[in-house]
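Right, one structure below, let's go through it.
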Amino acid sequence: MKRLAILGSTGSIGTQALDVIENHQDKFSIELLTAYSNVDKLVLQAKKFLPDTVIIVNKDHYNLLKNRLSGLPVKVYAGIEAVEQVIAMKGIDMVVAAMVGFSGLLPVIKAIEAGKDIALANKETLVVAGRIINELVLKHGVQVIPVDSEHSAILQCLAGESGNTVEKITLTASGGPFRNYSFRELKNVKPEQALKHPNWDMGNKITVDSASLMNKGLEVIEAKWFFDLEPEQIEVIIHPQSIIHSFVHFADGSIKAQLAMPDMRLPIIYALGYPDRIATELPRFDFKENNKLTFEKVDTKKFRNLALAYEALEKEGNLPCAMNAANEVAVEAFLNHEIGFLQMTELIEAIMDKTMFIQKPEIKDLEETNRISRLAAREYVEKQM
Ligand code: NDP
Ligand code: MG
């Protein structure tokens with residue numbers, strides 16, 4: 001029995017994790033569920049899975065949650081400090097990190113320091129602090145397993161290949177809803193259009209990131225830290241059907257790929273069971289029904305976020321952290337109709353340009369970079385309005 005904590009259980013990944021776990025209660029038990037403010041969903045989940053503890057990060061909702069769970073054998077706490085304390089406790093083997101944005105970083109660090117394995121959906125954690133996370137992983141002897149479908153694909157392609165040289169990897173990208181839009185058309189796209197992803201149903205932030213290709217930029221950086229690659233070993237290609245989840249190219253010229261229907265429950269259960277495969281009833285891919293798998297080059301002149309992410313990766317230091325912070329503010333402002341789609345990229349570039357560069361940032365430097373970059377990004381938004 002693997003005892004799990006799910007951080008961000010009410011989100012897209014959290015909900016899908018609970019969905020696969022429900023069918024495998026002989027293998028997994030739920031010990032901790034956390035949400036930011038969605039009391040209704042957290043209450044439903046708590047009643048169904050009876051975890052040891054639930055935590056609502058936004059303290060304003062504590063009393064409501066406590067009342068709604070009274071009489072149940074479930075401990076109720078509030079605040080991010082409670083999350084950091086509870087995940088370090090005995091009785092948890094693996095933490096599913098499925099909250100969104102920079103907020104994921106400190107809880108993941110606490111969990112690693114307490115010796116827990118991590119199923120990592122929160123890619124921002126590695127983008128912001130990949131070097132530090134990898135050092136902590138070595139020091140504490142834990143495993144961090146990717147949930148992101150591309151990185152899960154690469155991990156699956158690398159199974160049995162230890163010692164063999166990887167020439168490069170190719171991350172696939174669907175291209176999002178605006179793949180065929182011209183630069184001029186991108187100027188006027190609305191949040192409602194960006195939120196309609198062709199292949200995946202995800203939380204709002206990552207859906208906008210997918211439309212702007214910042215998601216792929218974040219994944220390029222994520223791949224560097226997961227698989228110890230140089231920037232020039234990480235390539236991106238558009239694959240609109242999202243069936244091939246990524247490729248690994250080996251030194252002998254062989255290429256391996258991992259294929260499946262686009263359904264996040266598969267990489268989630270692979271991470272939970274790693275290195276074993278757990279049987280599922282998930283939809284199967286049929287070559288006879290889907291006989292067209294196509295590929296296109298990415299236009300980084302149109303989708304400049306991807307070029308910015310490569311720049312942040314090259315320079316490293318605290319630049320990916322600044323880029324990520326600016327992007328979080330930009331996405332929020334775009335969703336609130338405060339700035340346009342292309343202005344997100346302008347904002348991110350402006351914040352990266354004025355970042356005070358730190359080559360080897362510590363956690364406190366990253367917290368400060370995050371804080372200052374967010375403030376500067378917010379100022380930028382106000383000026384546009
Ligand atoms: P959602 O927005 O759907 O869910 C986010 C979860 O985190 C919710 O449970 C939310 O609680 C909680 N949360 C939000 N803000 C905070 C905060 N400040 N502190 C603590 N908890 C918070 O996101 P997704 O599930 O789509 O994505 C989660 C992560 O997984 C992201 O990093 C994303 O990039 C990554 N990912 C997602 C994929 C997907 O298919 N969705 C695919 C690959 C990676 P509440 O509901 O109360 O707001
Ligand atoms: Mg992905």
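Under a 5 Å amide H cut-off, with hydrogens placed 1.01 Å from N, residue 118 pairs with 95, 143, 144, 145 among residues at least 5 apart or on other chains.
Taking the DSSP bridge list for the chain and keeping only pairs wholly inside it, about 25 percent are antiparallel.
Under 10 Å, Cα contacts only: if you run a Gaussian network model on the chain, which one of 98, 129, 251 comes out with the highest mean-square fluctuation? Result: 251 has the largest fluctuation of those listed.
With the full set of protein chains in place, find how many percent of the accessible area of the range 27-70 is carbon and sulfur; take the probe as 1.4 Å. Roughly 47 percent, rounded to a whole number.
At 222 nm, what value in deg cm²/dmol follows for the chain if DSSP H runs of at least 4 each add -39500 (n - 2.57) and the sum is divided by all its residues, to the nearest 500?
Working: 16 runs with 176 residues, N = 385.
Taken over the chain, the calculation gives -14000 deg cm²/dmol.
Our note on the geometry: Cα centres of the range 1-35 and the range 224-258, 29 Å apart. Each of 158, 140, 280 was placed along the dipole of the chain (beta-carbon charges, centred on the mean Cα), and the one lying farthest toward the positive end is 280. Given +1 at the Cβ of Lys and Arg, -1 at the Cβ of Asp and Glu and no other charges, the dipole of the chain around its Cα centre is 740 debye to the nearest 20.
Measuring with a 1.4 angstrom probe and ignoring ligands and nucleic acids, residue 183 comes out at about 100 Å² accessible. A simple rule links phi to the HN-Hα coupling: the Karplus curve 6.51 cos²θ - 1.76 cosθ + 1.60 with θ = phi - 60°, which for the range 241-248 gives 7, 6, 9, 8, 8, 3, 10, 10 Hz, with x for Gly and Pro.
Can you give the net charge of the other residues whose Cβ lies under 13 Å from the Cβ of residue 110, counting K and R as +1 and D and E as -1? Don't skip to the end; give the middle numbers.
Working: positive: 116; negative: 81, 84, 113.
Once all neighbours under 13 Å are counted, the net charge is -2.
Sequence-distant contacts, meaning Cα pairs under 8 Å at least 6 residues apart, place the relative contact order of the chain at 14 percent. When you restrict to C-alpha pairs under 8 Å that are six or more residues apart and normalise by the size of the range 290-385, the relative contact order lands at 34 percent.
Taking K and R as +1 and D and E as -1, what net charge do the other residues with C-beta under 13 Å from the C-beta of residue 204 add up to? Don't skip to the end; give the middle numbers.
On the way: positive: 196, 205; negative: 192, 201, 209, 328, 332.
Residues close to residue 204 contribute a combined charge of -3.
How would the range 50-201 be classified by its alpha-carbon gyration tensor: rounded, prolate or oblate, with rounded meaning a/c under 1.5 and the a/b versus b/c comparison settling the rest? Numbers along the way, then the final one.
Numbers: a/c = 2.44, a/b = 1.24, b/c = 1.97.
Since a/c reaches 1.5 but b/c is at least a/b, the shape of the range 50-201 is classed as oblate.
Remark: the Cα gyration tensor places the range 258-385 in the prolate category, a/c being 1.5 or greater and a/b exceeding b/c. Near the amide H of residue 3, within less than 5 Å, lie the amide hydrogens of 29, 93, 94, all on another chain or at least 5 residues away, with H placed in the peptide plane.
Nearest 0.05, what FRET efficiency do residue 67 and residue 251 give at R0 = 51 Å with Cβ-Cβ as r?
On the way: r = 61 Å, r/R0 = 1.20.
Efficiency at R0 = 51 Å is approximately 0.25.
What does the C-alpha gyration tensor say about the overall shape of the chain? Classify as rounded when a/c is under 1.5, otherwise prolate if a/b is larger than b/c, or oblate. Could the numbers behind the result be given before it?
Details: a/c = 1.41, a/b = 1.15, b/c = 1.22.
In terms of gyration-tensor shape, rounded.
The packing ranking, built from the mean of other Cβ atoms within 10 Å per residue, places the peptides 130-138, 104-112 in the order 104-112, 130-138, highest first.
How do 222, 185, 349 stack up against each other in accessible area, from largest to smallest, with a 1.4 angstrom probe? All intermediate terms of the calculation are to be shown ahead of the outcome.
Numbers: 222 0, 185 100, 349 65 Å².
Per-residue accessible area, sorted high to low, gives 185, 349, 222.
The values are calculated or read from the model by the stated rules, or taken from the named source; none is laboratory data. Source: prediction; values computed, not measured. Virtual Cβ from ideal backbone geometry, glycine too; neighbours counted across all protein chains shown. Note: accessible area is taken over every heavy atom of the protein model, side chains too, but ligands, DNA and RNA are not part of it. Shrake-Rupley method; radii C 1.70, N 1.55, O 1.52, S 1.80 Å.
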